[in-house]
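Chemist: My questions all concern the structure below.
The values are calculated or read from the model by the stated rules, or taken from the named source; none is laboratory data. Just so we're clear, the structure is a prediction, and the values are computed from it rather than from any experiment. Please note: Cβ atoms are built from the backbone with ideal geometry, for glycine as well, and neighbour counts cover all protein chains shown. With ligands, DNA and RNA removed, areas are computed over all heavy atoms of the protein, side chains included. Shrake-Rupley method; radii C 1.70, N 1.55, O 1.52, S 1.80 Å.
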Amino acid sequence: MADTIYALSSGAVPSGVAVIRVSGARTREIVETLCGRLPSPRQAALCRLRDPDTGDTIDEALILYFEGPASFTGEDVAEFQCHGGRAVVSAMLGVLSSFDNCRPAEPGEFTSRAFDNGRMDLTEVEGLADLIAAETESQRKQAVRQMGGALGQLYEDWRKRLIHMRAMIEADFDFADEEDVPGSVADQVWAEAAELQLEISDHMIRSRSGERLRSGLQVVLMGAPNAGKSSLLNAIAGRDVAIVTAEAGTTRDVIEVHLDLGGYPLTLVDTAGLRKTEGVIEQEGIRRAEARGREADLILWAVEPDGIEKTDPNSGLPEDLRSNVPVWTVRTKADLVTPPKQDSSGTIKEIACSSKNAEGMEPLFSALTHFAEETISLSEAPLATRARHRHYLESCVAGLEVAVSSDHLPTELRAEDLRRAADALGRITGRIDVEDLLDVIFRDFCIGK
């Protein structure tokens, strides 16, 4: 029998209310022992909690009891909503530890049990984690959709379609003489597989917005030493994050600030100034700056106003960064705010700002917000949000591509590629069952009657 687990689920004490959650086979016994009775399932009850050894009152609390499998973990679950004092919580946790086979929960163990008991698939588990970590409104909405099972259901529907395709091929092999099996059903499979391949590929393209929304846009501040990058970072963040001095080369390491721009998450990164130097520490700072620039969604290249008149504003920026990452030239320390310059496509190329006041920063704020809106297109459709999803989706598409294009190979080998594609989808949700194939054959073709 698995241990019964317990944990303080509401955060640090002291607090107004402390929620202590219990899950496992001994939950019912624990509730009856502490409360003297078992409240009606899913109805809050006010109970006096007593120490079973001394009979002393620990607290008067609200109790919620959820009978498995209709609970978060699929097991019997109880929540004790106690007063949030340290002594109360300590006494409750001490009493719970006195029950046999009852122990503190490991990190994430309640959710792990929900997955093990089929209450959540892996995409829903990840959605719950994203909801807890969400910092912006758009991140919250995406996490709620994923936690609700929309993404897992999409992948499960695709997997079932692949299982059905394989079932049709197997039926063509093994039951060709049965009246219930249509002739040459396998011939229909490859057109369906090609259609599914395009469907999943389109989903992957659209999902880049979902991945960006979850992780946040990466905007990297770069430029020569003393170009005003750190002052710009502090002005955007609204607080002193980076050290600002008149001495060139003050910033040696990468500094990150997480922002919420109109509901869109953005990570602003300050980096070391780019220049030729003999200093080992500064060289390492420059190497890190260039590495972060290569990973960026946007580079803000900071230039002092007089620097633009004398040189190419992007001089000093490595060629591979100029070629592969969008770059905006930002005039720092500008006394007058000028509107952004745009090319024919409307892309901003140059913008002036001053970190001295809010009005001086408004053009940059507006431009960054517009960039986030254009880059992250919000969608009600379920989208892949993690590198793990993309990895298995790519494996699925690769399996489908081989199966569809290899018409010179035996059908048995092509069916194996369909199996690989289906298993890749199953690994995203954590649901892979080899018996599914037989279930489809017997249900759809009435074989074995």
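Chemist: Here's a check for you: in segment 171-188, which residue that is open to solvent by less than 50 Å² (accessible area, probe 1.4 Å) and part of a helix (DSSP H, G or I) is modelled with the lowest pLDDT?
Modeler: Ala186
Chemist: Name the single residue that is farthest from Ser207 (Cα to Cα) among those in segment 379-436 being in a loop (DSSP other than H, G, I, E, B) and basic (Lys, Arg).
Modeler: Arg431
Chemist: Let me ask something else about it. Taking segment 391-411 as the region of interest, how many residues are in contact (Cβ under 8 Å) with a residue 60 or more places away in the chain and either among the aromatic types (Phe, Trp, Tyr) or open to solvent by 30 Å² or more (accessible area, probe 1.4 Å) (or both)?
Modeler: 5
Chemist: Which of (1) out of contact with any strand residue (DSSP E or B) (no Cβ under 6 Å at 6 or more places or on another chain); (2) under 30 Å from Thr429 (Cα atoms); (3) among the hydroxyl-bearing types (Ser, Thr, Tyr) does Thr33 not meet, given it meets every other one?
Modeler: (2)
Chemist: Okay, moving on. Could you list, in sequence order, all residues of segment 150-160 that are more than 14 Å from the chain's Cα centre (by Cα) and open to solvent by less than 20 Å² (accessible area, probe 1.4 Å)?
Modeler: Result: Tyr155, Trp158, Arg159.
Yes/no per residue for (1) part of a helix (DSSP H, G or I); (2) under 21 Å from the mean Cα position of the chain (by Cα):
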position	(1), (2)
Leu96	yes, no
Pro107	no, yes
Leu128	yes, yes
Gln139	yes, yes
Gln142	yes, yes
Gln146	yes, yes
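Chemist: Here is a further query. Which one of Val280, Val269, Val241 is modelled with pLDDT of 70 or more and either open to solvent by 30 Å² or more (accessible area, probe 1.4 Å) or out of contact with any Leu (no Cβ under 9 Å at 6 or more places or on another chain) (or both)?
Modeler: Val280
Chemist: Consider Asp260 against the criteria (1) within 30 Å of Ala133 (Cα to Cα); (2) open to solvent by less than 30 Å² (accessible area, probe 1.4 Å); (3) at pLDDT 75 or above: it satisfies all of them except one. Which criterion is unmet?
Modeler: (2)
Chemist: What's the number of the only condition in (1) part of a loop (DSSP other than H, G, I, E, B); (2) open to solvent by less than 70 Å² (accessible area, probe 1.4 Å); (3) free of Cβ contacts under 8 Å to residues at least 12 places away in the same chain that Ser366 fails to meet?
Modeler: Every listed condition holds for Ser366 apart from (1).
Chemist: When residues of segment 352-368 are filtered for being in contact with a Gly (Cβ under 9 Å, 6 or more places away or on another chain) and at pLDDT 85 or above, how many remain?
Modeler: Number satisfying all stated conditions: 0.
Chemist: What about Arg113, is it of a type outside the set (Gly, Ala, Ser), open to solvent by 60 Å² or more (accessible area, probe 1.4 Å) and either in contact with a helix residue (DSSP H, G or I) (Cβ under 6 Å, 6 or more places away or on another chain) or at pLDDT 85 or above (or both)?
Modeler: The answer is no for Arg113.
Chemist: For the subset of segment 295-307 comprising residues that are closer than 26 Å to Leu217 by Cα, surrounded by 14 or more Cβ atoms within 10 Å (Cβ to Cβ) and of a type outside the set (A, V, I, L, M, F, W, C), which member is modelled with the highest pLDDT?
Modeler: Ranking the candidates gives Asp297 first.
Chemist: Of these, Ile432, Ile441, Ile447, which one is open to solvent by 50 Å² or more (accessible area, probe 1.4 Å), modelled with pLDDT under 80 and β-branched (Val, Ile, Thr)?
Modeler: Every option except Ile432 fails the conditions.
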